[in-house]
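The next block holds one structure in the form of C-alpha cells; read it before the comments.
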Amino acid sequence: MNLLNYISLMRFEVVSLGVIVLLLLMKIFSEKLNVSLILGFVNFSLLAILVSGFIGHPHGSVFGGMFLNDGTLMLEKSVITFATLLISLQGHNWLKKHENYLEFYLLLFSILNGMYFMISSGNFLMFYLGLEMATIPLTALVAFDFNRMRSAESAGKMILSSAFSSAILLFGLSLLYGMTGSLSFQEVAMNFSSSPLMSFALVLLFVGFAFKISMVPFHLWTADVYEGSPVAITSFLSVVSKGASVFIFMTILYKVFPMAHGIWVNILVLLSAVTMTIGNLFAIRQTNIKRFLAFSSITQAGYILIGVASASAQSMASVIYFLLIYAFSNIGAFTVVSLIADKTGKENIDDYKGLYKTNPLLSIALLLAVFSLAGIPPTAGFFGKLFLLTSGASAGLITLIIIASLNMIISLYYYLRIIKAMFVDKNETPIEKFISDTPAKIALVICVAGILVVGFINFIFEYIHSLSFGL
Amino acid sequence: MGILFVKGQTARVIALAGSFLQLGLALFLLFVYMGEREAENTALLLFEESHVWFLQWNINYHIGIDGISLSMILLTSIVLVAGVLVSWNIEYQPKEFFFLLVMLAMGAFGFFISVDLFTQFFFFELAVVPKYLLIAIWGSGKKEYSAMKLVLMLMGGSALVLIGILSLYYFSVQARTPTFSLFEIAKLGLSPEKQMFIFPFLFVGFGVLSAMFPFHTWAPDGHSSAPTAASMFLAGISMKLGGYGCLRVATVLLPEAAREYSTYIIILACIGILYGAFVTLKQRDIKLMNAYSSVSHCGFVLLGIGMLTKTAMVGAVLQMVSHGVMTALFFAVIGMIYERSHTRMGDEMGGLLKVMPFLGSVFIIAGLTSLGLPGFSGFVAEMTVFVGSWQVPDFFHRSATIIATASIVVTAVYILRAVGITLWGPIKKKEFENLSDATWNEKIASGILVLSIVIMGTMPLWLSDLILKTTETLFGTVIK
C-alpha cells in the first residue's frame with residue numbers, strides 16, 4: 001500500500017493533524033495575527049474535512065489492524081465534524097474576544113483527532129489512546145473561561161471523574177487481555193467465552209462508557225460541568241463528545257461482544273429506563289438553562305440507548321440519524337443560549353421571559369430547537385425519536401417503549417416551561433433587542449433548516465441505513 | 001387530495017381565503033365521491049395515494065378517503081372557516097394566531113385522511129402542541145394552568161396511542177411483515193390475547209382526546225380558558241380526532257378485543273354522559289357549561305362505538321359531525337356575547353335577545369340542537385345512536401340505553417334554563433342596552449354553521465348513507 005492510500009484512508013486524521021501543526025507554527029512564529037482570518041481558515045478546514053468524508057469509499061486497515069476505516073466510520077466522523085463546525089461558528093464571537101483563541105483551536109483539533117482515532121480503532125489499545133487524547137484537552141477547554149471560578153471548578157470535577165472512569169475502563173481491559181491474550185477487537189471476539197469473569201470485564205467497560213455518555217448512575221458530573229464550562233464547550237460536550245462515545249460503544253458492542261448479547265441487552269434496557277427517568281425528573285427542577293439542557297441531554301442519552309440496545313442495522317441507523325438531528329437541535333438551542341449569555345450574561349430560564357417581544361427570531365429558533373428535543377412534529381426530532389422507539393419495538397423491548405413514551409410526557413412539561421417563559425410570561429425587564437453576529441447566525445440558520453427539513457428527506461435516513469450494520 | 005392548505009401565515013385574509021378554498025374543495029370532494037359511489041365504485045378508499053416515505057421501516061405516506069373520513073373532513077373545513085371568521089378582529093399577534101390555527105387544521109385533515117399509522121400519528125401529534133400556545137397566549141382566566149393541563153393530558157393520550165401503535169408494529173415484525181399500514185395490520189389476524197393487550201392503549205389513548213370519563217378533566221378547563229376559535233376547534237374537531245381514532249383504528253384493527261371490552265366502554269360512556277350532564281346543571285359560566293355538556297355529548301359517540309351495532313356506529317359518526325358543528329356554533333356565540341358583555345356568568349346577563357336579536361336567535365338554535373330537537377342535526381344523531389343501541393336485546397345494553405336517553409331530560413333542563421336567564425327577562429345591567437348585534441363576519445360564521453346544522457337535521461339521509469356504506473365494509477366482522 002502506498003503513501004497515497006494511507007492518506008486517503010486516514011484523511012480526517014491527517015488533515016486535522018496538519019491543522020494542528022499549522023496553528024502551532026503560527027503561534028510560534030508570528031507576533032500579530034489577524035483573528036478573523038485564522039477563524040475563517042479553521043472553519044474552512046473543518047468544512048474541508050467534512051467534504052472529504054463524502055469522496056470515494058475507502059475501506060481498509062492500517063498499523064496491523066489497529067486503525068480501521070470504512071463507510072460507516074467515515075459517516076460517524078462526518079457527523080461529529082459537522083457538529084464541531086457548527087459549534088465553531090456558534091462560538092465565533094466569544095473566541096474573537098478571547099486572547100487565547102489559537103490555543104482553543106489547537107485543543108479542539110487535538111480532541112477531534114483523538115475522537116477520529118477512537119472511532120476508527122480496531123484495537124482496545126488504540127481505542128484507549130484515542131479516548132485519552134480526546135478527554136485531556138477537553139478538560140483544558142472546560143477551564144477556558146479563565147476569569148470564572150466555576151469554569152476551573154468544572155474542569156477539576158471533570159478530570160477527576162473521567163480519570164476515575166478511565167481507571168475502571170482500564171481494569172476491564174486488563175481483565176479482557178488476561179482472558180483472551182489479545183487486545184485486538186477481532187481476536188477478543190473470537191476468543192470470547194461466557195465466563196463470569198468475562199461478564200465482569202464487560203460490566204467494567206460499561207462503567208467507563210457510562211461516564212462518557214453520562215448514563216445514570218454515572219451522570220453526576222454532567223450538570224456541574226455543563227454549567228461551569230463556556231457555552232461552546234458545553235454544546236461540544238453534549239453533542240460531539242457524547243456522539244463519539246456512542247459510536248465507538250456501538251462498534252465495540254456489535255463487533256466485539258456479539259456473543260454476550262443476552263447480557264448487555266438487559267443492562268442497557270435497565271440503564272436506559274433509569275437514565276431517561278432520572279434525567280427527566282431532575283430537569284424539571286432546574287432554573288439555570290445550561291443545567292436544564294444538561295439534564296435534558298441525559299434524558300436524550302436514555303433514548304439513544306434504546307437504539308443501541310435494539311442492535312439491528314435499522315437501530316444503528318436510527319442512532320446515527322438521531323445524533324445528527326440531536327446535533328441540529330441541541331446546538332441550535334445552545335447557540336441561542338450562547339448569544340444571550342454573550343450579550344447579557346443571563347443564563348436563567350426566568351431571564352428568558354418575554355423574549356419573544358424583543359427578539360422574535362431568536363425565540364422562534366429556540367422554540368423549534370426545544371420542540372425538536374421534545375420530539376414534536378413537524379420538527380426532525382419527532383422522526384429521530386420515533387425511529388429509536390420503533391427500532392426498540394421491532395426488537396421487542398415493549399416495556400422499555402412504555403417507559404420511554406411516558407417519559408415523553410414529563411419531558412414535554414419542562415420543555416414547555418421554556419416556551420412559556422419566552423412566549424407567554426410577561427417581564428418588566430426583558431432581554432433587550434440585539435443583533436447577533438453573522439457566523440452565529442449562519443450556525444443558527446443551518447440548525448433551524450436541519451430541524452425543519454431533515455425529517456422529511458428520506459434519503460438521508462436511507463444513506464445512513466445503507467452504511468449501518470447490526471448484530 | 002394531499003394537504004391542500006397553503007400555510008396562511010401572513011394575514012387573516014390568506015387564512016380566510018385558504019379556509020374557504022378548503023371548504024370548497026371539501027364540498028367538491030364530496031360531490032365527486034358521491035358520484036363515484038353512484039357509479040358503483042365499491043373500493044373502500046377513493047382518491048387513494050401512496051408514497052414510500054421511509055423504506056426501511058415500511059412507512060408510507062398513504063392517504064385515502066372513505067365515507068367516515070369524508071364527513072370528518074367536511075366538519076373540519078366548516079369549523080375552520082367559522083373559526084377564522086370569528087377571530088377576524090383578533091388584535092394580539094394575529095399572524096401567529098392564524099398560523100397556529102391553520103396548523104391545527106392541517107393536523108386534523110392529515111389525521112383523517114391517512115391510513116398509515118405512522119403518518120396518522122404524525123398528524124395526530126401535530127394537532128396537539130399548537131393548542132398549548134393558542135390557549136396560553138390568547139386565552140383567558142387561568143389560561144397557563146389549563147393549557148399545561150390540557151397539553152399534558154393529550155400528550156399522555158398520544159403516548160398511550162404510540163405504545164399501541166408500536167406494539168402493533170412489533171407483532172407485525174413477529175409475523176415477518178413489518179408494516180404500519182392499517183389494512184395490512186388488519187389482515188395479520190392477531191390472536192385475541194395480543195388484541196386484548198393492545199386495545200386498552202389505543203382506545204384509552206384516543207379516548208383521552210374525546211374526553212372519555214375519567215380522562216375528561218382537561219376539557220372543561222381547556223375549553224373555558226381557550227380563545228373562542230380555539231374552543232371551537234378543541235370541542236368541534238380535536239375531540240373528534242379521538243372518536244375517529246377509537247372507531248377507525250382501535251375497533252377496526254382489534255375487533256375481538258373491542259367485543260370483549262365493549263361492556264367497559266359502555267359503562268364509561270354512560271358515566272360520562274350522566275356525569276357531564278349533571279355537572280353542567282351546576283355551572284353559572286355559560287362557556288364552562290358548554291364545555292361540560294361537550295363531555296356529556298361525546299359520551300354518545302363512545303356509547304355508539306361500544307354498542308357495536310351498525311346503526312349505533314353510524315349514529316356515533318353522525319354525532320361526531322353534529323356535535324362538532326353544534327358545539328362550534330355554541331362556543332362562537334358565547335365568544336361573541338362575551339366580547340360585548342364582558343361576562344360569561346349566565347345570571348349576570350338577561351334580556352339579551354332584545355339588544356342582539358341575531359346572536360340571541362343563534363344561541364337558541366345552538367341550544368335546541370344540543371338538546372336534540374327534531375329538525376336539527378342533534379336529533380338525527382342521538383336518535384340513531386339510541387335506535388342502534390336498543391337493537392341489542394339484553395338487559396345490560398337496554399338499561400344503558402335508557403340511562404343515556406334519560407340524560408336528554410337533564411340536557412333540556414340546563415339548556416332551557418341557560419337560554420332563559422341569558423336571553424329573556426329584564427336587562428340586568430344598564431350598559432347592556434347599548435350593545436351591538438353581530439357584525440358581518442360573525443353573521444357569516446354563524447350562518448354557515450346554522451346552515452349545516454339545518455341541512456343535516458332535515459336531510460340526514462345522504463350523510464348517513466355515506467357513513468353506512470363504509471361502516472358495512474369496515475366492520476363487517478365486528479358488528480353483532
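Only the coordinates and a few stated rules stand behind these numbers; no lab work does. What you see is a predicted model, and the numbers here were worked out from it, not measured in a lab. Because the Cβ atoms are built from the backbone with ideal geometry, glycine has one as well, and the counts that use them run over all protein chains shown.
Placing +1 on each Lys and Arg Cβ and -1 on each Asp and Glu Cβ, with no other charges, gives the protein assembly as shown a dipole about its Cα centre of roughly 1280 debye. Ordering A:Cys447, B:Cys298, B:Cys270 by the number of other Cβ atoms within 10 Å of each residue's own Cβ, fewest first, gives B:Cys270, A:Cys447, B:Cys298. Summary of the geometry: region A:48-115 and region A:264-334, compared by the centres of their Cα atoms, lie 23 Å apart.
In the protein assembly as shown, a dipole from Cβ-located charges (positive for Lys and Arg, negative for Asp and Glu) runs towards its positive end, and of B:Ile453, A:Gly262, A:Phe41 it is B:Ile453 whose Cα lies farthest in that direction.
Taken along the Cα-to-beta-carbon direction at a fixed 7 Å, the label points for B:Asn89 and A:Val203 span 7.2 nm.
If you add up the charges near A:Thr222, with Lys and Arg at +1 and Asp and Glu at -1, over every other residue whose beta carbon is less than 14 angstrom from its beta carbon, what do you get? Mind showing how you got there, number by number?
Numbers: positive: A:Lys157, A:Lys212, A:Lys242, A:Lys290, A:Arg291; negative: A:Asp224, A:Glu227.
Overall, the nearby charge balance is +3.
Computed on region B:132-273, with alpha-carbon pairs under 8 angstrom and 6+ residues apart, the relative contact order is 32 percent. D by Stokes-Einstein for the protein assembly as shown, Kirkwood Rh over Cα pairs, 25 °C, 0.890 mPa s: 83 µm²/s. Could you go through region B:61-71 in sequence order and give the Karplus-derived ³J(HN,Hα) for each residue, using 6.51 cos²θ - 1.76 cosθ + 1.60 with θ = phi - 60°, rounded to whole Hz, and x for Gly and Pro? 3J(HN,Hα) across region B:61-71, in whole Hz: 8, 10, 10, x, 10, 10, x, 5, 5, 4, 5. Computed from label points 7 Å out along Cα-Cβ, the spacing between B:Lys142 and B:Met196 is 4.1 nm. First measure r as the distance between the Cβ atoms of B:Lys282 and A:Arg148, then evaluate 1/(1 + (r/R0)^6) with R0 = 45 Å and state the FRET efficiency to the nearest 0.05. Once rounded, the FRET efficiency stands at 0.15.
For region B:419-425, the Karplus equation 6.51 cos²θ - 1.76 cosθ + 1.60, evaluated at θ = phi - 60°, returns couplings of 4, x, 6, 7, 9, 9, x Hz by residue, with Gly and Pro reported as x. For A:Phe67, the residues whose modelled amide H falls within less than 5 Å of its own, excluding neighbours fewer than 5 places apart on the same chain, are A:Val62, A:Gly122. Helices in chain B, meaning DSSP H runs of at least 4 residues, each add -39500 (n - 2.57). Divided by all residues, the mean residue ellipticity at 222 nm is -23500 deg cm²/dmol. In this structure, B:Met459 and B:Phe183 have a Cβ-Cβ separation that, at R0 = 41 Å, corresponds to a calculated FRET efficiency of about 0.80. Put a dot 7 Å past the Cα of A:Leu452, heading toward its Cβ, do the same for A:Lys27, and the two dots end up 4.0 nm apart.
Between the amide H of B:Ile59 and those of B:Trp53, B:Phe54, distances stay under 5 Å, these residues lying 5 or more places away or on another chain, with hydrogens modeled in the peptide plane.
Candidate cross-link partners of B:Lys187 among the lysines, defined by an alpha-carbon separation under 27 Å and a same-chain spacing of 8 or more, comprise B:Lys240, B:Lys310, B:Lys469, B:Lys480.
Could you work out how much longer the chain between A:Thr344 and A:Ile263 gets when fully extended? Use 0.36 nm per residue separation minus the Cα distance between them, nm to one decimal.
24.2 nm
Calculated from DSSP H runs of 4 or more alone, at -39500 (n - 2.57) each and per residue, what is the 222 nm mean residue ellipticity of chain A, nearest 500?
Rounded to the nearest 500, the figure is -24500 deg cm²/dmol.
Each of B:Phe233, B:Leu209, B:Leu150 was scored by the projection of its Cα onto the charge dipole of region B:118-268, and the greatest displacement toward the positive side belongs to B:Phe233; charges sit on the C-beta of Lys, Arg, Asp and Glu. Cα-Cα over 30 Å: which of A:Lys242/B:Lys131; A:Lys77/A:Lys441; B:Lys95/B:Lys287? In this structure, A:Lys242/B:Lys131 lie more than 30 Å apart at Cα. Cα centroids of region B:244-297 and region A:120-149: 58 Å apart.
For region B:12-474, relative contact order (Cα pairs under 8 Å, six or more residues apart, normalised by length) works out to 16 percent.
When the pairs A:Lys420/B:Lys142; A:Lys96/A:Lys357; A:Lys343/A:Lys426; B:Lys149/B:Lys428 are compared against a 25 Å limit on Cα-Cα distance, A:Lys96/A:Lys357; B:Lys149/B:Lys428 fall above it.
Taking only C-alpha pairs under 8 Å that are 6+ residues apart, what is the relative contact order of chain A in percent? Write down the numbers at each step before the final one.
Values: 714 pairs, mean separation 72.3, N = 471.
Computed over chain A, the figure is 15 percent.
Put in line by how crowded their Cβ is, counting other Cβ atoms within 10 Å and starting with the fewest, A:Lys357, A:Lys385 read A:Lys357, A:Lys385. Scanning residues 5 or more positions from A:Asn348 or on other chains, those with amide H under 5 Å from its amide H are A:Ile289, with H placed 1.01 Å from N in the peptide plane.
Sorted ascending by nearby beta carbons within 10 Å, beginning with the fewest, B:Phe20, B:Phe330, B:Phe475, A:Phe127 become B:Phe20, B:Phe475, A:Phe127, B:Phe330. Sequentially through region A:105-121, phi angles give Karplus couplings (6.51, -1.76, 1.60; θ = phi - 60°) of 6, 4, 5, 4, 5, 5, 4, 4, 4, x, 5, 4, 5, 5, 5, 7, 6 Hz, Gly and Pro residues having no value and appearing as x.
A Cβ-based charge dipole, computed about the Cα centre of chain B with Lys and Arg at +1 and Asp and Glu at -1, lands at about 880 debye. Only one residue of B:Leu308, B:Val249, B:Ser399 has its Cα farthest out toward the positive end of the dipole of chain B, where Lys and Arg carry +1 and Asp and Glu -1 on Cβ, and that residue is B:Ser399.
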